[in-house]
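The values are calculated or read from the model by the stated rules, or taken from the named source; none is laboratory data. What you see is a predicted model; the values in this text were computed from it and never measured. We place every Cβ from the backbone using ideal geometry, glycine too, and count neighbours over all the protein chains shown.
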Amino acid sequence: MKHFLRKLIAGIDTAFLSSQEQTYLATLDAQYLRTDEGKIRFNSKFKPGIIKERKDQSKLFIPLDETDPISLDSTMTMHAQKEDIVLVQRIMGRSRYGSAKVVAILDKETTYSVGIIQSHILVELVTKTPLKHDQDVAWLTAQKEGELFLIDNKNNTLLRPLGHIDDPLVDEAIALALYNRSEAFGSAVLDEVKAFGREVREEEKVGRVDLRALDFVTIDPVTAKDFDDAIYFDTARHTLYVAIADVSHYVVEESAIDMTAYTRGFSVYFPHKSIPMLPRELSENLCSLNPHVDRLSFVFEMPIDTTTLEVHNAKVYEAVIHSKRRFNYEEVDALLEGAAPKDANDAHQLVMLRALQASMDRVRAKRLLTGYTFRAPEIGMNLDAQQLLESTVTAQETPSHALIEDCMLLANIQAAKSFEQGLYRVHEAPSLAKLDTLYHQLALIGLKFKLTANLKETITSIQKAAQEMHLEHQIDTLLIQTQMQAHYASLNVGHFGLGFGIYTHFTSPIRRYSDLVVHRIIKATLAHEERHLAKLLQPIDATAIDISHKEREADHVAKNFAYRKYARWAHARIDQTIEAMIIAIDEAPKALSISPIDAMPIELDSVPLDIGLFDKVVVRILGADYTTNRIWGSVVEKCIDEAV
């Protein structure tokens, strides 16, 4: 329903309506709609959205077009409840921000809660508010304290048990259940996958450019099983080939696989496993660019001018490749740092990799004249057999990571240049208000920098001063917080962080639905399939919003899991001390742990006056609740050894 309503905001060509969308359209009163330029859209007075509820139980209308929320007077709600999908009529002039009244309740948003048994009552896991459900008193009495269940809030039904809160193995189920995600795929999806077989058929290779003779390699984490991309560098022609898994060949629009992939949007990565967007038979086998087997791919062939370092006369086409080597990052780093190749094949690949690295180093240096490098650390978790947190590890960018990143950036830029209208990855520059807040924070910690009219020069000056103060990661985190989150859009506004005037996501269609959409748009453009292209582009505004939401949702799933692991770790160490760094002082003081584990958020009761932002302190853990994922503590003292 939400996707359909977002499409109606932009306008729908009725020729492209699915049977389900035709049913939705029939339920809308004609007065809410208008027709122009052959498209049906909402009358400008009306706007669809979702009802949210504040802590004081007042109602807030969240528009589906992502414009500003609108407060609703209690007399204007038509008794709409939290999570209802409604249509409102905007009322201008009643306040400086505008007002609205609900004119139709269209549906109820499908949301899910994790309930926990407490004193024979089923309450929401975090807020502890009682949940509506379809079980009787006898059932409640029979349940054990701490048992967890998944509740469908739309129908107030109990769907399934999840486990017990004291079992750390349940954390995965909790994180997935909150967004109704599952590792398993439906039978219709699996039937479609089974029809593909285990290997690429010969007839599927017909009509494709045959690149099997080229020495493509993949470079990925040692634990990776899904290989989206492979690279080859023709040193004689100074031409980079980036081969991407041709997922769109297998995932046909509106198939069961496609609809499931759209619902998931992104693969989710936990420390111990992934929850894939596509069935593993595709993501880890038939689509994955595994070594020593033929695989279908969508390839950018990019000649790079050795003087300007610009890509010129790039080509994109469907191909078949045969990867010669599956490298992990550590292997490539060792080779680039001088380790002896283990065999003749590696020695041959090393020649190519060194030449490619030299070229990409120059490309990166040029990019950073306008773009940025922000060094917010990525924290990984090591779990034991019971899935309890053992330790954390901070991911370091290495030469092999930089090499692959720069290759993928070039392919993504060329993809964005391959269509006149499509799906872009955009990132707006920070607002003046947020920059003012940043400059105030920097002044408080005594960081001196050169403020100029050129934002690039100012940020470069800030990062240089941060390096001198040994606060690179902390200041980069503040810089990131001043910026809007990168997202998907149908209108290109460039990518501030990367310094690109045009950009999209093309290189990871196994794990991101956005890239699959981009592949389809490029293929339709190349084939001059105007009607197919029009069908793909008609819902692009709604698709951009939906995929951006799904990206944030996938991030929330991973964070929910991680924060619960932190809370369990802290719960087992109450009254112990750890080392941490102050990251917030004012109304809600907070610290992040730095030893013996990294990046665990701790709420503080207060911060002594002699301690400032980014000071390192000893914190005593006072409590932890792994139902709410809260950890709280108290500052004991400031660390004397600043080399902690």
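Residues in the stretch 547-593 that are within 27 Å of residue 608 (Cβ to Cβ) and among the basic types (Lys, Arg): 2 in all. Once the stretch 1-31 is narrowed to residues that are part of a loop (DSSP other than H, G, I, E, B) and of a type in the set (A, V, I, L, M), the residue that is nearest to residue 263 (Cα to Cα) is 1. Every condition in (1) surrounded by fewer than 19 Cβ atoms within 10 Å (Cβ to Cβ); (2) in a loop (DSSP other than H, G, I, E, B) is met by residue 509 except one, and the failing one is (1). Taking the stretch 276-292 as the range and being surrounded by fewer than 22 Cβ atoms within 10 Å (Cβ to Cβ) and in a helix (DSSP H, G or I) as the test, the residues that pass are 280, 281, 284, 285.
Okay, residues lined up against (1) under 27 Å from residue 1 (Cβ atoms); (2) assigned by TED's automatic domain parsing to the domain that holds residue 527; (3) of a type in the set (D, E, K, R); (4) without any contact (Cβ under 8 Å) to a residue 60 or more places away in the chain:
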| site | (1), (2), (3), (4) |
| --- | --- |
| 204 | no, yes, yes, no |
| 212 | no, yes, yes, no |
| 222 | no, yes, no, no |
| 230 | no, yes, no, no |
| 269 | no, yes, no, no |
| 275 | yes, yes, no, no |
| 283 | no, yes, no, no |
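Across the stretch 545-580, the number of residues qualifying as touching a residue at least 60 places away in the same chain (Cβ under 8 Å), buried (at least 21 other Cβ atoms within 10 Å of the Cβ) and assigned to a strand (DSSP E or B) comes to 0.
Of the residues making up the stretch 389-446, those that are under 18 Å from residue 501 (Cβ atoms) and among the small types (Gly, Ala, Ser) number 6. When we screen 434, 464 for residues that are surrounded by fewer than 18 Cβ atoms within 10 Å (Cβ to Cβ) and within 20 Å of residue 367 (Cα to Cα), the only hit is 464.
Here's the yes/no breakdown for (1) touching a residue at least 40 places away in the same chain (Cβ under 8 Å); (2) surrounded by fewer than 17 Cβ atoms within 10 Å (Cβ to Cβ); (3) touching a Gly at 6+ places or on another chain (Cβ under 9 Å); (4) not assigned by TED's automatic domain parsing to the domain that holds residue 102:
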site: 31; (1), (2), (3), (4): no, yes, no, no
site: 46; (1), (2), (3), (4): yes, no, no, no
site: 63; (1), (2), (3), (4): no, no, yes, no
site: 68; (1), (2), (3), (4): no, yes, yes, no
site: 76; (1), (2), (3), (4): no, no, no, no
site: 79; (1), (2), (3), (4): no, yes, no, no
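Taking each residue of the stretch 516-534 that is within 12 Å of residue 505 (Cα to Cα) and looking for partners that are surrounded by 22 or more Cβ atoms within 10 Å (Cβ to Cβ) and of a type in the set (Ser, Thr, Tyr) with beta-carbon atoms closer than 8 Å, six or more apart or interchain, yields 516/248; 517/543; 518/504; 519/248. Only one of the listed residues (334, 365, 411, 385) is in contact (Cβ under 8 Å) with a residue 40 or more places away in the chain and either farther than 30 Å from residue 494 by Cα or among the hydrophobic types (A, V, I, L, M, F, W, C) (or both). That residue is 411. I'm checking my understanding of the structure. Among residues of the stretch 293-332 that are part of a helix (DSSP H, G or I) and of a type in the set (D, E, K, R), which one is surrounded by the fewest Cβ atoms within 10 Å (Cβ to Cβ)? Per the stated criteria, the residue is 330. Within the option set 534, 489, 542, 524, being among the hydrophobic types (A, V, I, L, M, F, W, C) and surrounded by 22 or more Cβ atoms within 10 Å (Cβ to Cβ) holds for one residue only, 542.
Within the stretch 595-644, the residues that satisfy the criterion of being acidic (Asp, Glu), assigned to a loop (DSSP other than H, G, I, E, B) and either within 23 Å of residue 393 (Cα to Cα) or modelled with pLDDT of 95 or more (or both) are 598, 615, 641, 642.
Residue-wise test of (1) surrounded by 13 or more Cβ atoms within 10 Å (Cβ to Cβ); (2) within 25 Å of the chain's Cα centre (by Cα); (3) at pLDDT 95 or above.
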residue	(1), (2), (3)
126	yes, yes, no
159	yes, no, no
162	yes, no, yes
165	yes, no, yes
169	no, yes, yes
184	no, yes, no
197	no, no, no
202	no, no, yes
207	no, no, yes
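Residues of the stretch 237-255 that are touching a residue at least 40 places away in the same chain (Cβ under 8 Å) and not in a strand (DSSP E or B): 237, 238, 246, 247, 248, 249, 250, 251, 253, 254, 255. Here residue 219 passes the criteria (1) within 28 Å of residue 539 (Cβ to Cβ); (2) β-branched (Val, Ile, Thr); (3) buried (at least 19 other Cβ atoms within 10 Å of the Cβ) except the one numbered (1).
Note on the stretch 408-431: among residues that are of a type in the set (Gly, Ala, Ser) and surrounded by 15 or more Cβ atoms within 10 Å (Cβ to Cβ), the one that is farthest from the chain's Cα centre (by Cα) is 418.
Among the residues of the stretch 256-267, the ones that are in contact with an Asp or Glu (Cβ under 7 Å, 6 or more places away or on another chain) and either free of Cβ contacts under 8 Å to residues at least 40 places away in the same chain or assigned to a loop (DSSP other than H, G, I, E, B) (or both) come to 1 in all. Scanning the stretch 338-379 for residues that are in contact with a strand residue (DSSP E or B) (Cβ under 9 Å, 6 or more places away or on another chain), exposed (fewer than 14 other Cβ atoms within 10 Å of the Cβ) and either closer than 25 Å to residue 274 by Cα or acidic (Asp, Glu) (or both) yields a single hit, 378. The single residue among 451, 478, 447 that is out of contact with any Asp or Glu (no Cβ under 7 Å at 6 or more places or on another chain) and within 29 Å of residue 547 (Cβ to Cβ) turns out to be 478. Meeting the requirement of 3 or more residues that are more than 30 Å from residue 600 (Cβ to Cβ), the strands (runs of 3 or more DSSP E) wholly within the stretch 333-436 are 424-426. Looking only at the stretch 1-35, count how many residues are within 18 Å of residue 533 (Cβ to Cβ) and charged (D, E, K, R). Final tally of qualifying residues: 2.
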